[in-house]
Structure formats: structure tokens, C-alpha cells
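Derivation of every value follows stated rules applied to the coordinates shown; laboratory data play no part. Everything quoted here is computed from the prediction, not taken from an experiment. Cβ coordinates were reconstructed from backbone atoms using ideal geometry, including for glycine residues, and neighbour counts include every protein chain displayed.
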Amino acid sequence: MATRIAVNGAAGRMGRCLIQAVEQTEGLELSAAIDRADSSLIGADAGELAGVGKLDVALTSDVAAATAVSDVIIDFTLPEVTMALLPHCVANNCHPVIGTTGFTAEQKNEIEKAAETVATVLAPNMSVGVNLSLKLLDMAARVLGDDVDIEIVEAHHRHKVDAPSGTALRMGEVVADALGRDLKECAIYGREGRTGERDRNTIGFATVRAGDIVGDHTVMFAAEGERVEITHKASSRMTFAFGAMRASSWLMSQQSGLYDMQDVLDLRN
Ligand SMILES: NC(=O)c1ccc[n+]([C@@H]2O[C@H](COP(=O)([O-])OP(=O)(O)OC[C@H]3O[C@@H](n4cnc5c(N)ncnc54)[C@H](OP(=O)(O)O)[C@@H]3O)[C@@H](O)[C@H]2O)c1
């Protein structure tokens, strides 16, 4: 029997990608599509909304009913929307796959508490490639150690309002952790004028904002005589949606607990 997938925030940018991805993934079927009660799209066919043709699943705001008929609910919405969803997940044993970002420490604690009852995946970046890159960065930093200069270069579209990207910062943390450094103390976020010679213990960040770039990240380990570069380039939001499909299928066979994409991809060891 196919795993029944509900999509929360189904009319959003990620929501529409998620519906497309469910349709393209064997073993998964769309069981419910939810958005906020005052959305003018309530009642519309979720498949038509996502551009994949009629699926006979009407957009609803009834989370209780949606979680009752679903094995997994994929949530890319807002922190307060995710928090309101959790009691329904627990009551109906419906597994949350949470891609929403921006939770407070208290909200993360609540997610952790709910996950004691119902197995949950929480991942601020669901791209399989980004999560693999984090593992490769950890390995590279451990092998190359303190003998290289480390620079992180990221590029995003002109509408992005924060810098460096959350993913670039996470990459910096992974490298710093592997080297026993504290990123807060060794990060250099910009250079201008007479900067003096480079300190090998620093990790440099450089940011590009231009056009419609979805998201490029390169971490450079530069020594005398050679340079290792690990690069990830995202070209579509579908990469995050397919990561969520992988997490949904994986979650069905897990005991209760809070997991992330490193668990889903078996990258812990
Ligand atoms: N983990 C990852 O890999 C990853 C990747 C991309 C994005 N994200 C995160 O995913 C989240 C959503 O991003 P997005 O770009 O898809 O945003 P978006 O286009 O604004 O989508 C959010 C959707 O949730 C809807 N919503 C609002 N209140 C709701 C409620 N009470 N119940 C159900 N749905 C509700 C919104 O409706 P209205 O627009 O009508 O308010 C909208 O359709 C953000 O936190 C973003 O950072 C994570």
C-alpha cells in the first residue's frame, strides 16, 4: 500500500513543488493538501494548483481530518503553523517531516517532545546534495587539518535579504567543529582595504547576490601547491521537495524520535 502524504502549506512555493514530487515518487500518494482557512484557494484541486492535473484532493484547512487520513505530513510553512500542527500529529500518529525554518529554542523543544511519541524529521535544508556536502566537508577538514586556508563562497538571487546564507554558515560550523574551532571566533565576513596577511586559523566568507541564482556554495581548502574545492549548486526548489520525499519514505520504518537528513541519508558514521 502506498504511503499517504499530506502537504501543509500546499498553495505555497514549496507546497506546490511537494505535490509535484509526491506525484513523481513511487510508493507515495497525496492524501490531503492544507492551507490557511482564509485562503481564496480552499476547495481548489491540489493537483491543478500544482500544475500536475486533477488529483481529486481538495485544498482544505482541516488539519485534524488531514492528519487522520495520512501517514506523513510534510510541512513547509511558518513556525507558528508547524506548532499548531503537532498535537494533531500526535493524536493521529501522523509523522511530521518539517522543512519550515526559523524556530525558537522553545519551539524546537516542543518539536522534540512531540517526537517522543511520533517519529519526526526536522531539517532546515532537505537537499540531498547539501547534506552529502556537509559530510564531505567534515571529512576534508579532518584530513587537511590546519595546513590550509579555508574560504566559503556563496551566491544567491538578488531578492535574498540575509547574508551569508544559513547553508554557508552551517558549512562553516561543520568545518570549524571538525578542526576544534569556534566559528564565532574565527569567521571573517568581509575584507576591504589594507587587511594585512591572512591568518590561517580564520574561515573566510564571501557573498555574491545576482540575478536568479537559486543557491551556489563552494568551500575552498587552499594549501601551497594544491587546492581542494567542494561545490554544491542548486538549480531548482525541486531538490528540497525530493529530499522531503526521501525523508517521508524513510520515516515510515523508524521508531519514535527526532531525526534530521544526516539520519535519513545514513551519514552519521
Ligand atoms: N528545509 C528546506 O530544505 C527548505 C527549502 C525551502 C524553503 N524552506 C522553508 O519552508 C518555509 C516555506 O517556504 P516557501 O518559500 O514555500 O513559503 P511560502 O510560499 O510563503 O509558503 C508557505 C505556505 O504556508 C501557508 N500558510 C500560512 N498559514 C497557514 C496555516 N495556518 N495553515 C496552513 N498553511 C498556511 C501560506 O499561505 P499564505 O501565503 O496564503 O499565507 C503559504 O501558502 C519557510 O520557512 C522556508 O524557509 C525550507
Residue within region 181-202 that is in a helix (DSSP H, G or I), within 16 Å of the ligand (Cβ to nearest atom) and either touching a residue at least 40 places away in the same chain (Cβ under 8 Å) or acidic (Asp, Glu) (or both) present: no
Residue among THR117, THR100 that is surrounded by fewer than 20 Cβ atoms within 10 Å (Cβ to Cβ) and either more than 16 Å from the ligand (Cβ to nearest atom) or in a loop (DSSP other than H, G, I, E, B) (or both): THR117
Residue match in region 24-33 (condition: outside any helix (DSSP H, G or I), over 27 Å from THR120 (Cα atoms) and not β-branched (Val, Ile, Thr)): no
Filter pass, THR82 being in a helix (DSSP H, G or I), surrounded by 13 or more Cβ atoms within 10 Å (Cβ to Cβ), within 10 Å of the ligand (Cβ to nearest atom) and hydroxyl-bearing (Ser, Thr, Tyr): yes
Given (1) surrounded by fewer than 18 Cβ atoms within 10 Å (Cβ to Cβ); (2) on the phi > 0 side of the Ramachandran plot, index of the condition GLU224 fails: (2)
Count of residues meeting criterion [within 16 Å of the ligand (Cβ to nearest atom) and surrounded by 12 or more Cβ atoms within 10 Å (Cβ to Cβ)] in region 227-266: 25
Selection count, region 210-245, where residues are touching an Asp or Glu at 6+ places or on another chain (Cβ under 8 Å) and either polar (S, T, N, Q) or assigned to a strand (DSSP E or B) (or both): 12
Scan of region 1-28 for residues that are closer than 14 Å to VAL69 by Cβ and free of Cβ contacts under 8 Å to residues at least 40 places away in the same chain, ordered by number: MET1, ALA2
